[in-house]
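Undergrad: Would you mind keeping the following structure in view while I ask a few things?
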Amino acid sequence: MDPINPDADSASLLGQVIAGRYRVLELLGEGGMGAIFVAEHLGLHKRVALKMVRAKHAGNEAAAARFAREAMVTAAIDHPNVISALDYGPLEDGGAFLAMQLVEGGTLTRLLGKEGTLAWPRAAALGAQVADAVMAAGKHGIVHRDLKPDNLLIQCNEDGSDLVKVLDFGIAKFSRDSLAPPAVQEAQRVTQTGMVVGTPGYMSPEQALGEPTDHRADLYSLGVLLWECIVGRRLWAGSSVKGIVRKQLKETPPRVLQYANDPTIPEPLDELIAMLTAREAEQRPSDIQAVRDLLRDMAESARACPSLPAPSIASLAARLETLRSDCPDGEKPVTTPSGVPQATPMTGGSDARSKRPQRARLAARASLFAVSVAAGLGFGLIGRTPDMSAAATDMEDQAEATQPVHTPLSAPAVGPTGLPRALEPQLATLVHAEGRTQRVAAAEALLSHMPVDQVPKYARLVAHLQLADTCPSKHKVVTSLAQLEDPRALPALVMMSQRGKSGCGPKNRDCLQCMREELDATITQLESKQRPRGPS
């Protein structure tokens, strides 16, 4: 075939043969660096997921090294819960491709968007499989460093159970450079000390500070994932990268039992998630297999009896205490009567006592705090609305005189709402979902998206309106929407108005009575402004 035009639109590759053996069948997703397709191996007649990086990015040292790392690290791990790498090589235009196992399923992001929350036994079963993948990677000295809902594919087995596939090892790191193949050693060299790569809210505090990481960083991400699956919203959310990371560094994660609307959640699961999300790596378990087995046994026990009997809970609690013994004596998390884990008072030297204040100073004084919100292409293998979040960099000067610099590496396709097309389902959920939990999760997803300027102001205000919990705060947002005069906010305001009129509480009162007049006036105002809009 003729060489690929490096400026060609991804859709124009449909039907073409790549690398002499892969016929492109279908476009699955597209980002600033390239695209991912369904393709067929001509010799084996096997369908694969074909990830392709454009030539201009393959020529970039960091991007090329990251892509090579993803290919080699994925190929190194042969495990049922890790996506399989099948082939890798250069393209005629100077780009590169990676052929991977094609999974018939969607991401955990999509599953949570549809379900809102997962029953705790299902979440525990999913978590056990993620832990199994972390353990398999650890046997090769590999730390994933970017476990998040977008990087977990959920495939339905014939018996109806879930099969998890972990993908995107683009920012994975070998715990020791000597363990890595030469090409991966080069990729790790490209990620310089002080440059933090990961996803805010899911990466561990030590990773956010640019400190050395091991498998306990992945266990932290696992704990965050479990919390989100069971509670139905993100554990750490905010309107900026810096704000999210500061919360992780300063705040104690709230307990699942305090936020989840499920009285059947066993206390050992709540305790385990608290241990996994501990701020200090030393407070987290080091035995991945024990974590996996505990989660797996919880899920299997719940199949026989959703509300676990006292003997089962006692047995799980005993095993949890054994797992807790992995933590050094001075760093064991204990539970206070209020249910919030605290650090046991230190009896050692002053170095140990000053560990947290030193972390706070490091966080405030980081001379280079850079976070890649989405590594590589930033989308899953399956899904027509993948997360196309662009990579972002947030820099904080030691003197705190320099304002944060937010530099998107690529701009995703924009839909008629003015949002990146990948975020449009979140807006639709925010506007139309009947369940408040789903609307809240969608609002938090919009507000935590990076770069911030990819989410139009009207959409951010609508998200803030969903999260507002007092009349003054709602008044403030509605006033801002009226001043903005953007008719695209109308559907959300109208739906909110209708839901409010349906009444809430024991007396079936109007939920929006305190601001009904202002809300209706704003709707009327925006209706008068409504007109056909061009692309945002």
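The values are calculated or read from the model by the stated rules, or taken from the named source; none is laboratory data. In this text, all values refer to a predicted model and were calculated from it rather than measured experimentally. Here the Cβ positions follow ideal geometry from the backbone for every residue, glycine too, while neighbour counts run over all protein chains shown.
Undergrad: Of the residues that sit in the range 78-92 and are within 19 Å of the chain's Cα centre (by Cα) and part of a loop (DSSP other than H, G, I, E, B), which one is surrounded by the fewest Cβ atoms within 10 Å (Cβ to Cβ)?
TA: ASN81
Undergrad: Show me the helices (runs of 4 or more DSSP H) entirely contained within the range 174-251 in which 1 or more residues are surrounded by fewer than 17 Cβ atoms within 10 Å (Cβ to Cβ), at pLDDT 80 or above and in the same structural domain as PRO121 (by TED's automatic domain parsing).
TA: Fully inside the range 174-251 and qualifying: 241-250.
Undergrad: Output the number of the condition that ASP168 fails; it satisfies all remaining conditions of (1) in contact with a strand residue (DSSP E or B) (Cβ under 9 Å, 6 or more places away or on another chain); (2) crowded, with 22+ Cβ neighbours inside 10 Å; (3) more than 25 Å from GLU271 (Cβ to Cβ).
TA: (1) is the only condition that ASP168 fails.
Undergrad: From the list ALA413, ALA422, ALA468, ALA391, pick out the single residue that is surrounded by 20 or more Cβ atoms within 10 Å (Cβ to Cβ) and at pLDDT 50 or above.
TA: ALA422
Undergrad: Among the residues of the range 257-310, count how many are surrounded by fewer than 16 Cβ atoms within 10 Å (Cβ to Cβ) and of a type in the set (A, V, I, L, M).
TA: Residues meeting the conditions: 2.
Undergrad: Please count how many residues of the range 435-483 are under 19 Å from the mean Cα position of the chain (by Cα) and outside any helix (DSSP H, G or I).
TA: Going through the range 435-483 one residue at a time, the tally reaches 4.
Undergrad: Looking only at the range 278-307, which residues are under 21 Å from the mean Cα position of the chain (by Cα) and farther than 26 Å from SER161 by Cβ?
TA: ALA278, ARG279, GLU280, ALA281, ARG284
Conditions tested, residue by residue: (1) assigned by TED's automatic domain parsing to the domain that holds ALA304; (2) of a type in the set (A, V, I, L, M, F, W, C); (3) in a loop (DSSP other than H, G, I, E, B).
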| residue | (1), (2), (3) |
| --- | --- |
| ALA68 | no, yes, no |
| THR74 | no, no, no |
| GLY94 | no, no, yes |
| ALA124 | yes, yes, no |
| ALA133 | yes, yes, no |
| LEU147 | yes, yes, yes |
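Undergrad: Follow-up. Take the residues in the range 4-42 that are part of a loop (DSSP other than H, G, I, E, B) and buried (at least 21 other Cβ atoms within 10 Å of the Cβ); name whichever of them is modelled with the lowest pLDDT.
TA: If we take residues in the range 4-42 being part of a loop (DSSP other than H, G, I, E, B) and buried (at least 21 other Cβ atoms within 10 Å of the Cβ), then GLY31 is modelled with the lowest pLDDT.
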